[in-house]
Amino acid sequence: MVSTQIFRNRNFLYYWTGSLFAGLGDAVFALALTWLVVESTGSAAMVGALFLTMGVPRVVLTLFAGVLVDRLQPIRGMILCEWVRVLTSGGLFVLGLLGPLPLWSLFAAAFVFGVLEAFFWPAASAVRQRLVEPEFYTQASGLLMIAMKTTVIIGPLLGGTLVALSSYRAVLAIVAAAFLAGLVLLSFVRLTFDRVELQAAKHSSYWKDLREGIVYIMKTPLILTTSLVAFLVNACSSIAPVAVPFLAASFGGGAQEFGWLNTSIGIGGTIGAVLFAVILIKRPTPRMTLIACFAEGLVFLTLGLAGQFWLALVLIALIGITDAAINVIAPSVNQSIIPPELVGRVISVMILLMSGSVPLAQALGGYLVQTIGVQQVFLLNGSLEMLIAGFAFFLPVIARYQTAKAST
């Protein structure tokens with residue numbers, strides 16, 4: 001079913017356009033930061049350490065960030081995070097004017113962005129739940145995915161070219177400008193939040209609120225099960241950002257080839273996001289997510305066997321499509337289940353469960369790339385992801401949800 005009603009929602013359009021600019025800043029910054037570490041050290045283990053530096057604060061602080069999101073208007077939290085992104089990227093730009101960026105500054109920026117993500121994503125989940133009606137959740141997620149993946153296409157090409165030309169100052173200037181544009185557009189979003197709920201949250205115990213989020217997950221078998229499955233799946237798939245720059249190097253490439261691989265995943269993700277934005281799925285299910293995870297694992301495994309750069313580009317694009325499916329369907333299922341007044345704290349606990357494996361997996365991934373080789377890492381991770389998704393597909397709690405949705 002195709003619907004255009006969502007395009008008459010002014011708040012959603014402001015949010016969506018702001019996501020384009022913020023996503024562009026993220027894409028360019030992530031590529032530049034990663035390649036600067038690769039160029040400075042030549043070490044896969046050091047790249048893994050960079051992702052560990054970003055991932056640890058994101059995982060640890062997310063648990064506490066969700067409660068704060070439920071106590072405040074989440075849109076304000078997102079705006080504050082964007083301000084800090086502008087100042088951090090702008091600070092690196094100023095530091096770059098004085099000479100080559102020292103390694104410590106790259107790790108410091110990664111740490112700051114990890115802290116910001118801990119607060120940003122629970123707030124974003126709470127905002128998105130209120131942007132549109134439940135029947136438009138998958139369509140809204142698809143459109144937001146288009147914005148993100150479009151920037152993943154443009155950002156790496158732009159960032160890779162500038163990094164190859166050693167124009168680090170230009171990269172950082174573009175990043176700061178993109179974050180600033182996203183901040184301005186986000187400030188135009190006007191949403192109504194239940195003042196009674198907000199006041200009650202402010203006067204309740206912080207630890208009681210956090211416990212409510214944990215108890216809700218423990219008493220909701222589907223949410224608990226899918227979160228634990230995501231913990232394992234994310235451990236497999238999250239090694240890709242660490243391995244991809246060395247995949248480019250294995251084909252004799254440099255920053256530009258690294259940029260092309262990132263652009264390819266953006267193209268695939270955009271194709272997948274367009275499908276979900278055009279086709280309205282009113283009843284997303286966990287099994288849809290698991291099928292996408294199994295397909296992603298199969299592509300990772302095949303990537304480990306790729307012997308030519310063009311084939312790697314095609315396979316990376318397919319990973320983009322499966323990633324889009326996972327990140328549109330899974331949040332839509334969660335949004336249809338979690339009560340709005342609990343979404344911040346519940347999502348924060350879920351993020352902790354789902355992504356708690358990521359920092360250590362990425363650090364381990366850097367070590368494995370350096371010791372057994374990048375192709376072997378893709379073979380291993382792809383096989384494990386297929387096994388996990390295939391097993392979870394037949395779990396009773398997943399089957400019961402499928403049956404219940406089919407009968408309504």
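Residues of the range 320-363 that are surrounded by fewer than 22 Cβ atoms within 10 Å (Cβ to Cβ) and acidic (Asp, Glu): Glu341 alone.
Listed by first and then second residue, the pairs with beta-carbon distance under 7 Å, at least 6 apart or on different chains, first residue in the range 373-390 and over 19 Å from Ile316 (Cβ atoms), second buried (at least 18 other Cβ atoms within 10 Å of the Cβ) and of a type in the set (Phe, Trp, Tyr), are Ala389/Phe294; Gly390/Phe294. Restricting Gln308, Gln362, Gln402 to residues that are among the polar types (S, T, N, Q), touching a helix residue (DSSP H, G or I) at 6+ places or on another chain (Cβ under 6 Å) and either at pLDDT 85 or above or more than 30 Å from Val37 (Cβ to Cβ) (or both) narrows the list to Gln402.
With respect to the conditions (1) in contact (Cβ under 8 Å) with a residue 60 or more places away in the chain; (2) more than 15 Å from Val152 (Cα to Cα); (3) of a type outside the set (Asp, Glu), Gly23 lacks only one, and its number is (2).
Filtering the range 121-128 for residues that are assigned to a loop (DSSP other than H, G, I, E, B), in contact with a Phe, Trp or Tyr (Cβ under 9 Å, 6 or more places away or on another chain) and β-branched (Val, Ile, Thr) leaves an empty set. Among the residues of the range 273-319, the one identified as part of a helix (DSSP H, G or I), surrounded by fewer than 21 Cβ atoms within 10 Å (Cβ to Cβ) and among the charged types (D, E, K, R) is Arg287. Just to be sure before I move on: is Arg85 touching a residue at least 12 places away in the same chain (Cβ under 8 Å) and touching a Phe, Trp or Tyr at 6+ places or on another chain (Cβ under 6 Å) in the structure I sent? Against the criterion (touching a residue at least 12 places away in the same chain (Cβ under 8 Å) and touching a Phe, Trp or Tyr at 6+ places or on another chain (Cβ under 6 Å)), Arg85 qualifies.
Every residue, every condition in (1) over 17 Å from the mean Cα position of the chain (by Cα); (2) not polar (S, T, N, Q); (3) not in a loop (DSSP other than H, G, I, E, B), yes or no:
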{"site": "Val328", "(1), (2), (3)": "no, yes, yes"}
{"site": "Ser336", "(1), (2), (3)": "yes, no, yes"}
{"site": "Met354", "(1), (2), (3)": "no, yes, yes"}
{"site": "Gly366", "(1), (2), (3)": "yes, yes, yes"}
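Rundown of residues vs (1) within 26 Å of Ala44 (Cα to Cα); (2) under 18 Å from the mean Cα position of the chain (by Cα), yes/no style:
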position	(1), (2)
Arg287	no, no
Leu301	yes, no
Phe309	yes, no
Ala317	yes, yes
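Taking helices (runs of 4 or more DSSP H) as the structural unit, those lying wholly within the range 1-112 and holding at least 3 residues that are at pLDDT 85 or above and aromatic (Phe, Trp, Tyr) correspond to 10-41.
The values are calculated or read from the model by the stated rules, or taken from the named source; none is laboratory data. This one's a predicted model, so the numbers in the text were calculated from it and none came from an experiment. Here Cβ is always computed from backbone atoms with ideal geometry, including for glycine, and neighbour counts include all displayed protein chains.
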